[in-house]
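K.L.:
Handing you a structure now.
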Amino acid sequence: MGHLIANAWLRGLVHGALLITVLMTAVAWISWFERKFAARVQSRLGPTMVGPAGLLQPIADAFKMFQKEDIIPRGADSLLFRLAPPLTLFLSLATAAVLPIMPGMLASDLDIGVLYALAFSGLLAFPIWVAGWSSANKYALLGGMRMVAQGISYEIPMVLCALVPVVVTGSLSLSEIVKYQAAHHWLVFWPPGIGVIAFVLFFTTALAESNRIPFDIPEAESELVAGPTTEYTAIRFGLFASAEYAHSVVSCALASALFLGGWDGPVLPPSVWMLLKTAALFVIVTWVRWSLLRLRSDQLMALCWKYLVPVSLALVLGAGAWVYVVG
Amino acid sequence: MLYLTATLQSLFSTLRQSLKKPTTVEYPKVVRPRAPRLRASFALTKDAAGDENCIGCKKCEKVCPSEVIALTTVKKPSPITGKSRGYASDFTLNLQGCIICELCVQVCPTDAIVMVQDQEKPGFSREDLVLTMDKLYDNGEKKLRLSWANASVLAEHQNPERKHA
Amino acid sequence: MASTAAVSSKARASSTEASLTPTRAFVPDPYLDLATYAAAADLLTLSLGPQHPSTHGVFRVVLYLDGELIVKAVPHVGYLHRGVEKLCEKLSYSNVTPILDKNDYVAPMCNEQAANMVFEQLLGVEVPLRAKFVRTLLAELQRIASHLLWLGTFAMDLGGALGGGTSVFMYCFRERELILDLFEELTGCRFHYNTHCIGGNRHDIPAGYPALVHQSLDLIEARLLEYLGMLEHPIFRDRTRGVGTVDAELALELGLTGPLLRASGIDHDLRRDAPYHVYDLLDVNVICDDGGDCYARYKVRLQEIAESIRLSRLLIDNLPAGPICSTKPLSGVTQFKITSGQAYVAIESPRGELGTWLIAGGKGMNPYRMKLRPPSLHALAAVPYLFPRHTLSDAVAILGSLDPIMGEADR
Amino acid sequence: MSDEPSAPVAADGGAAAAAAPPSLLQGAAAIEPGEASEVVLARLAQACPSALARAAEQTSKRAARAQALEGFLRERFGVEPDPSNGGPLVPAERHFELARALKEELGYKLYVTVCASHWPAQKTKTGEDPEHFELATVLRTLGSGTHQACWRVRIAADVAVVDSLVPLFAGADWQEREQFDLLGVRFRGHPDLRRLMLPDEWEGHPLRKDYAIDTRCVPWR
């Protein structure tokens, strides 16, 4: 499909701008969906006042975020304190650049798409730690330390599980993987036992990367008040919250691209399929969030190093053997 | 493996909860019906002939644990029966400190002060919460769903000699 | 607050030699001298401050953390001290009840009963049979409501304010609303009732009440099983099993009572051992568990809810007729006078032994000295013995499992 | 009359919730009659057969313990128990010895509470009664037939020191600190006698009779 805009730079810019606006509005209404879904789960009503069934609630929240007072604690390292929230949002949006929304529609069709995405999402632990350290608050520091520990240790099983589709399809580029899945069969089913386990593990580690329950140790409300984001107010906190939502949406999209065959689907147009799969995965993320308790930090580490890493290593070996045998 | 089965079990239990109707209601639009014995605010009552019940005996002022009732009495002939008897000239009840313990209602010899089922509307200044005498009589007039309890009913309830089947 | 001064004064040699010799596995020394701990480790002093999402009220623990491990915990109470005992010395006997039911604001019925039983004992007033039945029913219903609130906040401590814990919290509060509606039916207030008086109760059971009680209890029982599945999760078990273990000897020494004592294996319950009200007519089976950790306390309280539901049903079905109070209705402040005598009466509140030591004297209009024995203060006194060698998230779980109420502990 | 009061019950489609019964509360003041007490007691005795037997056993056990305590007090301390005043008056120097004996010999293992009270000087029929403190302590035995042993100790106001029970009961630590904080009674041998409730810089002890209830305490009030 010829690209509408000849100049590659301009096309990347337009795609990027389009992607960010779509993603940010999606993040806003995702917070509405999460509050409504949580309310239903807890037999409450959820937002109903602002707009029909509370649909304008995200706008009200955004407006509240803008007009609240922006406090920077006196002892804080103000440069890093100001830098952390935009950096987190930048990293989570950057990973969206390689997501194959439609066959041609791709912000930048990198041939090392998977590596790029995992690298950026792995980097996310850094700005949150910077936020924790720079806000001169002991709870924030503890939260930041926990974030680093969890972020790094869950990066390894995530990368290994992402390797399984790469090994099977033989290419790192996301659009290639999706084309392979469109041609053959979805990678969830293809290497029969291995694909499903890889998908489940990738999904849980993605939960851990984006600090969602049951892995939200850094931002544990009942222990560390609000973890690294304790001292943040108004729009800075808004940036952190939207970054967290953006990151979980992007990792759901990544999981659906890697395992559930991206935009491949029988009847509906390709981009609708991609959105449907991401939305389905995000519903599961929210559903898990409102029904599970939280792990302790040392249990979390034990779970990662004793179970997830060996299993994901075995998966990669299995996938390799499978490719070698079946070809 | 145990993690997976237990997680699925709690997931489905939340799903079952979410399919039921929510128990909360949108408060200002839908008001949940309260118990008939609800006691929220206060009112001063008048007897059948329209004469004020309160004779200014200050029993309620003495019994109030948080000392929020203040009244001054005056002796003057009653506009209806003509006999001179005690009246409360100024009766204020400060709802800010009131703990709604219903002792003043129980102690009143002439069933003058009674509790009302309608919550006092929140005001913007502290004075809104101080019930002055005319506000109290106004509450009584407007028949704000007077609560079941006045001194005689409470006394009958608590009567030691009460024998019933 | 001079927390640093507290550290230096605690640095004195640990004096309690006889009773605290660590014969048992590991009994942390609450007066540990920080200098003697590994001098190399630089300890982080973290104040789990009076204003913190999971301290169940205004309660402060200064934690000395080595990494994430707690080395020493120094609790500070008194943030909610309102001088209730001094206030009681100014109030007349009938006025004390509405003030005292604000002490333990999660189980107000039990506070009212504890106070009025001491007055009745000193006045020699006999409570009619129907009033005893109603008081026992109210105590058991209040126990269900209090344990439900504890279950909700405990799940929220473990599961986070924006996660699975809050779902269980909302379900427990929805059930507790049913019981608050029952109390509103009876007394007119949802929370601070002032329904007990010297000699019995001021409000009698309304007509049609048993049907409501049965309906609410059936609903609570049916729903309780439903979402307990969410708590029987390995994450919950890992977070609570073996955390904050209190063995029988330590529990006894600290004067723990109620579910905390029963969870450490000691079969002691005032409802069965020193029956008051109508408990001598009922067979209260006391739930014991010798685990001693948070999980044992969770199980004991859960079974106590089921036990209280059974008892409440038994009581509401057998309601005797007769007067509800044996003293004339309140006619003034000077109706009750106790000029001399001292007595200690204790009842089994949801948190443990709630007692009142009353000294009557002076002109007899108001109590000369009224000492309230709060079970929560003893639970909080166990904090320096429980926290060391646990992580910060365990500290929150242990504090939640102790179920302290600051209004009652600080008075 | 307002309809079914607990509307959430009716609205909720819970499996067990039958349709809410129509409002049975004819008038809020109407009272549930209840049966004659004999019928009720008979039915309860049938429902809980073992209850009465156990209650009788409790009272007998408790009476036996009370007997043992009285005998013990009379013979070891030469003190007559007077229940109307809560407990016998024991000389202050034998306070710790009595507590240890009760804990080890008679099995009063549970430390319940301590209650100090301030008695200013007053003229009584038997002449001048100097200002003094009275310290009441309560211990309790465990298991069925639990019995509480209470005793009182008199200490002169100017001395106001009694030996602490912390070496015997760790639970006494905070209770004694609170009595020191609110009444100024010092405890000899207490590991860390500081104020428990009030800030450390607070002057005066509020629960003393000479401490007016509305003393202004800058900067707190």
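The values are calculated or read from the model by the stated rules, or taken from the named source; none is laboratory data. Fair warning: this is a prediction, and the values are worked out from it, not measured in the lab. Glycine gets a Cβ as well: all are built from the backbone with ideal geometry, and neighbour counts include every protein chain shown.
K.L.:
Of the conditions (1) more than 7 Å from every other protein chain (Cβ to nearest Cβ); (2) surrounded by fewer than 21 Cβ atoms within 10 Å (Cβ to Cβ), residue C:331 fails just one. Which one is it?
P.N.:
Among (1) more than 7 Å from every other protein chain (Cβ to nearest Cβ); (2) surrounded by fewer than 21 Cβ atoms within 10 Å (Cβ to Cβ), residue C:331 violates only (1).
K.L.:
In addition: Being in contact (Cβ under 8 Å) with a residue 40 or more places away in the chain and within 25 Å of the chain's Cα centre (by Cα) is the filter; apply it to region C:204-218 and report the residue that is nearest to residue B:153 (Cα to Cα). Show your work before the answer.
P.N.:
Keep residues of region C:204-218 that are in contact (Cβ under 8 Å) with a residue 40 or more places away in the chain, which gives C:204-205, C:209-210, C:213-214, C:217.
Keeping just the survivors that are within 25 Å of the chain's Cα centre (by Cα) gives C:213, C:217.
Working: C:213: 24, C:217: 30 Å.
Taking the candidates together, the pick is C:213.
K.L.:
Next up: Out of region A:227-265, which residues are farther than 21 Å from residue A:118 by Cβ and without any contact (Cβ under 8 Å) to a residue 60 or more places away in the chain?
P.N.:
If we filter region A:227-265 for residues that are farther than 21 Å from residue A:118 by Cβ, which is where we start, we get A:227-242, A:264-265.
Of everything in region A:227-265, just one residue is farther than 21 Å from residue A:118 by Cβ and without any contact (Cβ under 8 Å) to a residue 60 or more places away in the chain, namely A:265.
K.L.:
Evaluate the following for residue D:92: is it surrounded by 13 or more Cβ atoms within 10 Å (Cβ to Cβ), among the small types (Gly, Ala, Ser) and away from chain C (no Cβ under 14 Å)?
P.N.:
Numbers: surrounded by 13 or more Cβ atoms within 10 Å (Cβ to Cβ): yes; among the small types (Gly, Ala, Ser): yes; away from chain C (no Cβ under 14 Å): yes.
Criteria met by residue D:92.
K.L.:
Ok, one more. Being within 14 Å of chain B (Cβ to nearest Cβ) and of a type in the set (A, V, I, L, M, F, W, C) narrows it down to one residue among D:36, D:55; which is it? Step through it out loud before you land on a result.
P.N.:
Numbers: D:55 fails: within 14 Å of chain B (Cβ to nearest Cβ).
Answer to the selection: D:36.
K.L.:
Against the condition within 27 Å of residue B:155 (Cα to Cα), assigned by TED's automatic domain parsing to the domain that holds residue C:122, of a type in the set (Ser, Thr, Tyr) and touching a residue at least 12 places away in the same chain (Cβ under 8 Å), how does residue C:257 come out, does it pass? It would help to see each step written out before you state the result.
P.N.:
Numbers: within 27 Å of residue B:155 (Cα to Cα): no; assigned by TED's automatic domain parsing to the domain that holds residue C:122: yes; of a type in the set (Ser, Thr, Tyr): yes; touching a residue at least 12 places away in the same chain (Cβ under 8 Å): yes.
Here the answer is no, as residue C:257 does not meet what is asked.
K.L.:
Hey, another quick one. Given the options C:411, C:369, name the one that is touching a residue at least 24 places away in the same chain (Cβ under 8 Å), surrounded by 24 or more Cβ atoms within 10 Å (Cβ to Cβ) and under 28 Å from residue C:29 (Cα atoms). Working first, answer last.
P.N.:
Details: C:369 fails: under 28 Å from residue C:29 (Cα atoms).
None of the other options fit; the residue is C:411.
K.L.:
Restricting the search to region A:284-303, which residues are among the basic types (Lys, Arg) and outside any helix (DSSP H, G or I)?
P.N.:
Once the filter is applied, which keeps residues that are among the basic types (Lys, Arg) and outside any helix (DSSP H, G or I), region A:284-303 yields A:294, A:296.
K.L.:
Could you check residue D:131 against (1) touching a residue at least 24 places away in the same chain (Cβ under 8 Å); (2) within 30 Å of residue C:268 (Cβ to Cβ) and say which number it fails?
P.N.:
Condition not satisfied by residue D:131: (2).
K.L.:
Any residue at all in region B:59-68 that's among the β-branched types (Val, Ile, Thr), more than 22 Å from residue C:328 (Cα to Cα) and in contact with a Pro (Cβ under 9 Å, 6 or more places away or on another chain)? Even if it seems obvious, please write down each step before you answer.
P.N.:
Of the residues in region B:59-68, the ones among the β-branched types (Val, Ile, Thr) are B:63, B:68.
With more than 22 Å from residue C:328 (Cα to Cα) added as a condition, the list becomes B:68.
Cutting the leftovers down to in contact with a Pro (Cβ under 9 Å, 6 or more places away or on another chain) gives us none.
No: region B:59-68 contains no residue that is among the β-branched types (Val, Ile, Thr), more than 22 Å from residue C:328 (Cα to Cα) and in contact with a Pro (Cβ under 9 Å, 6 or more places away or on another chain).
K.L.:
Take the residues of region B:48-75 that are part of a loop (DSSP other than H, G, I, E, B) and without any contact (Cβ under 8 Å) to a residue 24 or more places away in the chain: which is surrounded by the fewest Cβ atoms within 10 Å (Cβ to Cβ)?
P.N.:
Step one: filter region B:48-75 for residues part of a loop (DSSP other than H, G, I, E, B), giving B:48-51, B:53-58, B:64-68.
Filter again for without any contact (Cβ under 8 Å) to a residue 24 or more places away in the chain, leaving B:48, B:58.
Working: B:48: 5, B:58: 15.
Checking each candidate, the answer is B:48.
K.L.:
Given A:243, A:198, which one is over 16 Å from residue A:121 (Cα atoms), modelled with pLDDT of 80 or more and in a helix (DSSP H, G or I)?
P.N.:
Numbers: A:243 fails: over 16 Å from residue A:121 (Cα atoms).
Going through A:243, A:198 in turn, the sole match is A:198.
K.L.:
Restricting to region A:218-234, count the residues that are more than 9 Å from every other protein chain (Cβ to nearest Cβ) and either polar (S, T, N, Q) or surrounded by 24 or more Cβ atoms within 10 Å (Cβ to Cβ) (or both).
P.N.:
7
K.L.:
Could you name every one of the helices (runs of 4 or more DSSP H) located completely within region C:170-282 that has at least 1 residues being facing chain D (nearest Cβ under 10 Å) and of a type in the set (S, T, N, Q)?
P.N.:
Working: elements: C:209-231, C:234-240, C:248-254, C:259-263, C:270-273.
Result: C:209-231.
K.L.:
Separate question: If you take the residues of region B:14-53 that are more than 14 Å from chain D (Cβ to nearest Cβ) and polar (S, T, N, Q), which of them is nearest to residue B:140 (Cα to Cα)?
P.N.:
Among those that are more than 14 Å from chain D (Cβ to nearest Cβ) and polar (S, T, N, Q), it is B:45.
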